[in-house]
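I have placed the structure first, in the form of structure tokens, so that the comments after it can refer back to it.
The values are calculated or read from the model by the stated rules, or taken from the named source; none is laboratory data. Remember, it's a predicted structure, so these values are computed and weren't measured experimentally. Here the Cβ is made from the backbone with ideal geometry for all residues, glycine too, and neighbour counts use every protein chain on show. Accessible surface areas use protein heavy atoms only, side chains included; no ligands, DNA or RNA. Shrake-Rupley method; radii C 1.70, N 1.55, O 1.52, S 1.80 Å.
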Amino acid sequence: MGDMTNSDFYSKNQRNESSHGGEFGCTMEELRSLMELRGTEAVVKIKETYGDTDTICRRLKTSPVEGDLLPADGLFIQGNDLKIDESSLTGESDQVRKSVDKDPMLLSGTHVMEGSGRMVVTAVGVNSQTGIIFTLLGAGGEEEEKKDKKGKPNALVDQKRSKMQDGNVDASQSKAKQQDGAAAMEMQPLKSAEGGDTDDKKKASMHKKEKSVLQGKLTKLAVQIGKAGLVMSAITVIILVLYFTVDTFVVNQKPWLPECTPVYVQYFVKFFIIGVTVLVVAVPEGLPLAVTISLAYSVKKMMKDNNLVRHLDACETMGNATAICSDKTGTLTTNRMTVVQVYVGDVHYKEVPDPSSINAKTMELLVSAIAINSAYTTKILPPEKEGALPKQVGNKTECGLLGFVLDLKQDYESVRSQMPEEKLYKVYTFNSVRKSMSTVIKLPDESFRMYSKGASEIVLKKCCKILNGAGEPRVFRPRDRDEMVKKVIEPMACDGLRTICVAYRDLPGSPEPDWDNENDILNDLTCICVVGIEDPVRPEVPEAIRKCQRAGITVRMVTGDNINTARAIAIKCGIIHPGEDFLCLEGKEFNRRIRNEKGEIEQERIDKIWPKLRVLARSSPTDKHTLVKGIIDSTHTEQRQVVAVTGDGTNDGPALKKADVGFAMGIAGTDVAKEASDIILTDDNFSSIVKAVMWGRNVYDSISKFLQFQLTVNVVAVIVAFTGACITQDSPLKAVQMLWVNLIMDTFASLALATEPPTESLLLRKPYGRNKPLISRTMMKNILGHAVYQLTLIFTLLFVGEKMFQIDSGRNAPLHSPPSEHYTIIFNTFVMMQLFNEINARKIHGERNVFDGIFRNPIFCTIVLGTFTIQIVIVQFGGKPFSCSPLQLDQWLWCIFIGMGELVWGQVIATIPTSRLKFLKEAGRLTQKEEIPEEELNEDVEEIDHAERELRRGQILWFRGLNRIQTQIRVVKAFRSSLYEGLEKPESRTSIHNFMAHPEFRVEDSQPHIPLIDDTDLEEDAALKQNSSPPSSLNKNNSAIDSGINLTTDTSKSATSSSPGSPIHSLETSL
């Protein structure tokens, strides 16, 4: 019945404040809570509250609109064979059949795939299920700001325009956004009337992004080093000035003559320049550069590993990830139904058999049965891109069967061309009653043949024969059927496969059978084969998950699929291993465990569940968001958990936004998912996430390598300049030389060390965590060890170098004397030591082979050789500007030899065990208080993130809308009823697609005795494990099954105390 045109609806509302309650017979609140439900629960609610859908139609005035994309939420009131693709909301590709008596709920943003129907609209804009997701995502914060400034109706036009430019191509999404805008506009005057200032402040803080962990640590470290440098430079200048003044005017008792003033001023300027040089060398301005270079380089290289990074810091955050919450369909699996096992000719094949092993007669029947008895619109097309998989079009299960025909090296198209669709004599389409599909064809001899396929347990009951290995039918008795169920179908089901039986029957041509008598026709079948179909795990996923687990990252599966399939896939992926202590929960059970009596989510309850939770099945988008938020906010572990989330559907948007790093699928992902993500996997492959982890850890290590190198140079340069200045009145390293050293150690070194490619060894250690210091003890040992070597040699050269090389001393030279060989050798040796130490700095964990993989980084080799070449030019031809005097070949060789001593000294340092050096301190640690940058503390006091605030804002707007309809007292009553009569807390209303509605969270006055989980529940579980029935003891090797039994026992206890009709009673927790 279509969509109430928005303009009419909203103008009515603006004219008549009580329009919801008066003109329409239901309030927004009632409709919204109704749309939360699905299936039979929705039907029961409609009957209880309104009688039937006609009553709702009479209450809601509507105008018809047609289309295959649903623009609003509504109730199905009449129609034929309506099938809806809800994958944009649930992520599950199976089409959902709608009917007035079974599942009448139609949701915005979903597509009509088959059939036709009429619906009555119940919710649009922010109140529709798609609208709620956008509210969760924080869609349109900027537009609302604009609107607040203008506060005029024409702001709505701008909003529609800007929202349509959001990049969400999907018409439904842009439509939902327009409605969103309209709804927000309708309530806008109230918003500006009530404290707009606080909203502005919130918005200002909303757009401020919290610094990444690495940025926080580096900022802190850079500030500390900078302060130390400033102090050193100030002391240097003070000492130089005092020494000169005391020496000249006190010791030598020279008077200050006016004509000498310019000379003295030059001395003071020289001292000041030395001080500034020390400061410049001490301040690590290369740190931000190194981070940027490392991230930018990583991002560029990650593109080749199929990771498109949208936010630069996501790459670095990924290195600290401790948990990955992954979607199942399309991420861990291929999202292509495939036949993986088959029972044909009395043989059970665990994989697709060789065509030669199947009898020719059986093969012909099998190919015809599959090709003819499936929708002709279902086909398999060649792949769009080279190397990709063939494209499946139409019903996913039928595509799997057609793929099976192709795997058997047969061609279904030739069969279809011989028997075109118009020649099919009779078709019994698949429906929920038949649970099978049958097609009748007329054979050349005027007799009929019927091909049938469907759920194995249904079709096998109708089979009285089965084809043997020779392709001949043999008798198939009930006893044989039971044996087949036990030996073939149950093992397939245990592997998480969907079993389908393919059969046929020959019927006589005269007399022609009564086709309407289905019971007689669909009987006496001959079974051709039974196939096991599944959405197979991607081949590279188990190895990728194993790498994640070895790297200290917990992988959890969060899916909308049923718990048995989810558990089977989780075992195949390696997410759960038999014998481990883990939890597999359904969305309903998860919600029951984390909520208190009022239906509110409690962090302590989540903390009891998430450490062991590995599979969350039948979950709604809100469950995924709740789980991710619960893990991030948890204080259960020493380190704060860093959570990555993968997803492809619109329903994954809120969780992707909330996660520390959100991965969206590039091929299968919707625009909403991509918009909410930080990294897009261009090949939809889970193993690309492992590459992202490697690159993230590599960024961290690259920064540490750079720090190790730079701090050594810093320490040496500052001490040399400071000590030299204090003892000889002059810095051995001149200002321009210091700047060249600064250039080497900042810009060039950051390029060389920040571009190291990652290695597999990065995945052999646990994540560093937020509190791990940037400079470890080993690094501190390396920094101080190399500094000792360099300082010893430089001071040796400074004080006795002229004797060793038989040259003039450069100490205590007059103001404008020419450059001396002595000081040039010191400068050259210093630079050579830095160059060879740069090779040492490539390893930060105490490895001995510093040359390992050096040629895999051409940038490093180029920079080291380039720096060496430029150094030769500076020394030989730099002259006065660089304060250098050309050196002889033997002097050059000595400088290089001393520099190479760094490599030998590095080996000496590596032999000293770090554990012995207790006095070494770590640096660059981010303490708990500093996790949030100080300037943002005041705004982020409430610890509410962007999505959360948007959610609250949506709710506030909604409640203000109610204010206009009802008086203040009635609103208070509504709040009271929401608390005591069990209406869910606003957060739980954001559920978009309830696989589970939450009525079991209601604590009604009539049933105060429903036991809800409490702190003792886990102890009860433990007790249940011990006292459980014999089956659980048989299954000791599989804790997942144990947990299933506990759940069943537990829920049955609660169910007995509740009424038999209550949703808890029918809670699905299957073994």
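Assorted remarks:
- Ligands, DNA and RNA excluded, the heavy atoms of TRP256 present near 130 Å² of accessible surface to a 1.4 Å solvent probe.
- Extension gain from LEU791 to ALA455, taking 0.36 nm per residue of separation minus the Cα-Cα distance: 112.9 nm
- The length gained on full extension between THR40 and ILE854, counted as 0.36 nm times the residue separation minus their Cα-Cα distance, comes to 286.5 nm.
- THR635 contributes about 120 Å² of solvent-accessible surface, heavy atoms of the protein only, 1.4 Å probe.
- Violating pairs (Cα-Cα greater than 27 angstrom) within the set LYS217/LYS918; LYS328/LYS350; LYS396/LYS612: LYS396/LYS612
- In region 412-530, taking the dipole from charged Cβ atoms about the Cα centre, the farthest positive-side position among LEU424, TRP515, CYS464 is held by CYS464.
- Label-to-label distance, VAL393 versus ILE235, with points set 7 angstrom from Cα along the beta-carbon direction: 7.9 nm.
- Residues in region 276-285 carry Karplus couplings, in order, of 4, 4, 4, 4, 4, 5, 6, 6, x, 5 Hz; the curve used is 6.51 cos²θ - 1.76 cosθ + 1.60 with θ = phi - 60°, and Gly or Pro positions show x.
- Every Cα-Cα pair in region 828-909 was counted, and those over 21 Å apart are 35% of them.
- Over the C-alpha trace of region 391-448, radius of gyration and Dmax come out as 13.4, 38 angstrom.
- Ranked order, HIS111, HIS845, HIS822 - accessible area, probe 1.4 Å, largest first: HIS845, HIS111, HIS822
- Accessible surface, per residue, of region 377-505 when the full set of protein chains is kept, probe 1.4 Å, Å²: 53 Å²
- Rounded to the nearest 20 debye, the dipole size of region 560-653 about its Cα centre is 180 debye, using +1 on the Cβ of Lys and Arg and -1 on the Cβ of Asp and Glu.
- Rounded to the nearest 20, the Cβ-based charge dipole of region 675-821 about its Cα centre (Lys and Arg +1, Asp and Glu -1) stands at 640 debye.
- Residue-normalised accessible area of region 723-791, given per residue in Å² at a 1.4 Å probe: 29 Å²
- LEU627 sits with roughly 0 Å² accessible to a 1.4 Å probe, with DNA, RNA and ligands left out of the calculation.
- Cα-centre dipole for region 514-568 with unit charges at Cβ (Lys and Arg positive, Asp and Glu negative), debye to 20: 1120 debye
- Only protein atoms count toward the accessible area here, which uses a 1.4 Å probe; on region 655-754, the carbon and sulfur part of that area reaches 65 percent.
- Long pairs among LYS465/LYS487; LYS435/LYS462; LYS83/LYS442; LYS547/LYS572; LYS300/LYS391; LYS45/LYS588, criterion Cα-Cα beyond 23 Å: LYS83/LYS442; LYS300/LYS391
- Among VAL281, VAL231, VAL237, the sequence by solvent-accessible area, most first, with a 1.4 Å probe is VAL231, VAL237, VAL281.
- Point-to-point label distance, SER447-LYS435, nm (Cα→Cβ direction, 7 Å offset): 3.0 nm
- For region 272-425, pairs of C-alpha atoms spaced more than 21 angstrom apart make up 66 percent of the total.
- Fraction of accessible area attributable to carbon and sulfur, region 417-472 (%, probe 1.4 Å): 53 percent
- By accessible area with a 1.4 Å probe, ligands and nucleic acids excluded, highest first: order of SER417, SER88: SER417, SER88
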